[in-house]
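Student: Pasting a structure here, questions to come.
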Amino acid sequence: MPARKLENYLDTGSLNLFARQIQETLDNVISVAIHDNGGQLAWAGPGGDAREHWSVSPFLREPVPGLGFCERLSNRNFVYVFYLGGEGSEHPMGTVSIQIDASHPTSLEFAYAEVAPVLACIDRQLEINSELSSIRRVSREGRRGLDLLVRLDEIDSKEEVAEQIRTMLQLSAKHFDAEMAAVLLPDLDIQDTWPFNLLDEESASKAVMTMLGSLMAAAKTHRKVLVSDANETLRAVADLGSQKPKVLCCPVMNSKDDVIGILVLAGQTRFSRDHIRLARAICVKFNTLVKSASQNGNKDYTRHTLLNFMDRALRSDPDQSHALLYVDVDRLHVVNDSYGHLAGDVVIEHVRNVIDEFANKDDAVSHLSGDCFGLFLHGADEDAALDRGHLVLDTLARNPVTFEMVKMDISASIGVVILPGVAKNPAAALNTAEMAARSAKGRGGNRCVLFQDADASVARRRTDLDQVNDLQYALIQDRFELHAQPIVSLRDNGGPARYEILIRMIDEAGKSNSSAAFIPAAERYQMMSAIDRWVIRTTLDQLGVADNTVEVNLTRFGINLSAQSLADDDLCDYIETCISESGISPDSLCFEITETTVVRNLERARRFIRRLRKLGCMVALDDFGTGYCSFAYLKDLPVHYVKIDGVFVRDVLLNPLSEAIVTSMVEIAKVMNALTIAEHVENELIFRQIKNLGIDFAQGFAVGQPAPLATVLSQLGTPIVLDCDDDDSSAAG
């Protein structure tokens, strides 16, 4: 960590939540504190009066081996002290101290085991805040890797799986500058190499297959990426010309973490962590193809036949663990009431297809009732069942349903029960899973709840702590990606291209999650400022290497800022530094701040906006019209754009009041000398209507869907060079 004070990297909001997690985990916790290496109290919580609990005799001492230590304070209470940085850290960043009432002491080891996940989250939060306090450049290799993954996604899915895999292998080999590459996928009876003719000669083929078999066995044993020197046989057979060639063997893992294949790359490349991370991402794509090819369609079970199927599975192996998922589609009645039952049928079919996608050949899928499905997972334990449930939710979130040019976001509530651990028979399992699904729906839906064995009256889901854990790792590992959605001019003279930057998170399985899947947890745990900084830095990094096309085309990119970022006093300095290092013109950026954020702290918002304008950036007021009757705050708000919230735009054809509100917003924006942008323009009729109402720009699926930022930048076009030869002045004409 840099030499700045520890307290500069502490976030009060998230620490209060972490402290409450500790209080819920251990009995009789009085307070939690963080001290720096000098023993100074940097933070105490939860609550504003927590510092009073730490007015005690000094108890900190020089770091000792192990996790930490336990002390008796002068007030007779116990305090457990754990080092920030984890066990074995040579230079701890500080300490986390947990004060316990004297009447309920416990062992240091027990206390650590209980709170270790929370301590790990605090560690990572400090690491993230420390790293984001300085500008980190995205490596050229990292950008090339993202480009490769995009190209792999664009491979024609209509081709045979073997042809898709061969194309992926060739692109991967060329990206890594590999002299030899190979993929082995026994489930599909696929073994292929690049160069493609490597297996044509019998002796060479035998040597290569022997080598692949050995690597496959090693991958199954070690279950990790392997890097080694190439042996003499491989060098001779593959004609490796480089000195001391290296071999990278990356396992292809399925959803159960079984090794089902390998990707092998050989050549002079010194395989870095970025190379290994990219190889793993490629292997995830191989697994997706394997799963798609082996999917033979699950029989459409009725409720009765599903119970019989489950009963046979339980009888065949009474000690085997199985899982039942009860999937209840959220708010289907709203779809039926708003768009008719034909739209509801489309949603039902879509959800069924998604569930089928994650059902293996030994599983069973049943349409239990109108909006409810059952998914029986043969041989699945608790973790596998929860993983499968969250994959279903993530896929639904990323793939809205379109019906008659209307986009409908779909979610579900999923209840999970383990057999025979919790439910001893199929009927009880179905009832219990349905109860857990109701619990998920009662908590707002779009979540997966496990019915607990230890207490059958309580159902739990993965906690916010799990989500913040995923978010922290994603930030540290750069597992986010940027997309850009076009904003189209409605004026006759057109104008330069405009886009809004959107963020997606790539989970550890390589799946892309929309912001809706992780922003709520990020907001609760005060991580939005860190995410916004990542977006700002990464956007400018990509724009900075876009071959001057951004400035030449006068393209502008909108970046969303959260309320937590608005409260960050250092953010404008950070933005200025990013702009300076990227070389991008400030007027290429438009920062979007929601109306709700502005109204909550109007004076701070005004200062913030003026500072951005002083830098030369544009500013947009986002989600305009969402709930504030008085627009007096607009009087001194110097924004360039007003984005009209989609709740009014989507309804502008059917509701005269929405049309009147939009018309008034256009007039207000004119008085403010600001341009208007209509969000969520979802069909051609809405597009025409908002143009008639005098709105300046449109954004939505009817005018353009989000695409990877790198793809958008590559399509901007190169500068046009005019022939300005003095001897031929007519060339300009």
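Student: With the contact rule set at Cα under 8 Å and sequence spacing of 6 or more, what percent relative contact order holds for the chain?
Tutor: Value for the chain: 8 percent.
Student: Could you work out the Rg to Rh ratio of the chain, with Rh taken as the Kirkwood radius (inverse of the mean 1/r over all Cα pairs)?
Tutor: 0.98
Student: Karplus couplings for region 350-365 from phi (6.51 cos²θ - 1.76 cosθ + 1.60, θ = phi - 60°), rounded to Hz, Gly and Pro as x?
Tutor: 5, 5, 4, 5, 5, 4, 4, 4, 9, 9, 7, 5, 8, 8, 9, 10
Student: Same structure again: If amide hydrogens are placed 1.01 Å from N in the peptide plane, which non-local residues have theirs closer than 5 Å to the one on Phe480?
Tutor: When sequence neighbours closer than 5 places are left aside, the close amide H contacts are Ile506.
Student: Within the chain, what's the longest stretch lacking GluC sites (Glu not before Pro) that sit in DSSP loops with no more than 16 other Cβ atoms inside 10 Å?
Tutor: Answer from the scan: 509-733.
Student: Rounding to the nearest 20 debye, state how big the charge dipole of region 319-386 is about its Cα centre with +1 on each Lys and Arg Cβ and -1 on each Asp and Glu Cβ.
Tutor: 260 debye
Student: Let me ask you something else. By a straight-distance test (C-alpha under 14 Å), which aspartates and glutamates pair with Lys643 as possible cross-link partners, with residues fewer than eight away in the same chain excluded?
Tutor: Glu500, Glu592, Glu595, Asp622, Asp623, Glu667, Glu679, Asp696
Student: Then there's this: Find which of Ile609, Asn75, Gly444 sits farthest along the positive direction of the dipole of the chain, computed with +1 on the beta-carbon of Lys and Arg, -1 on that of Asp and Glu, about the Cα centre.
Tutor: Asn75
Student: What does the helix-only formula give at 222 nm for the chain: each DSSP H stretch with n ≥ 4 adding -39500 (n - 2.57), the total divided by the residues, and the result rounded to the nearest 500 deg cm²/dmol?
Tutor: Result for the chain, helices only: -13000 deg cm²/dmol.
Student: Then there is this: For a quick check: with amide H placed at 1.01 Å from N, whose amide H comes under 5 Å from Leu675's, ignoring anything fewer than 5 positions away on the same chain?
Tutor: For Leu675, whose amide H was placed from the backbone, the distant partners under 5 Å are Tyr641, Val642.
Student: Rounded to the nearest 20 Debye, what is the dipole magnitude of the chain about its Cα centre when Lys and Arg each give +1 and Asp and Glu each give -1 at the C-beta?
Tutor: Rounded to the nearest 20 debye, it is 1060 debye.
Student: Would you kindly calculate the translational diffusion coefficient of region 468-714, applying Stokes-Einstein with the Kirkwood radius from alpha carbon pairs, for 25 °C and a viscosity of 0.890 mPa s, and quote it in µm² s⁻¹ without decimals?
Tutor: 132 µm²/s
Student: A follow-up question, please. Can you give the Kirkwood hydrodynamic radius for region 6-132, in Å, rounded to one decimal and based on Cα pairs?
Tutor: The answer is 14.5 Å.
Student: To continue, here is another question. Could you derive backbone 3J(HN,Hα) for region 706-714 from the dihedral phi with the Karplus parameters 6.51, -1.76 and 1.60 (θ = phi - 60°), listing whole Hz in sequence and x where the residue is Gly or Pro?
Tutor: x, 9, x, 4, 4, 5, 4, 5, 5
Student: Could you please rank Met405, Met435, Met528, placing first whichever residue has the fewest other Cβ atoms within 10 Å of its Cβ?
Tutor: Fewest-to-most Cβ neighbours within 10 Å comes out as Met405, Met435, Met528.
Values quoted throughout were computed directly from the atomic coordinates according to the rules given, and no laboratory measurement underlies them. Owing to the predicted nature of the structure, the values given are computational and were not obtained by experimental measurement. Cβ coordinates were reconstructed from backbone atoms using ideal geometry, including for glycine residues, and neighbour counts include every protein chain displayed.
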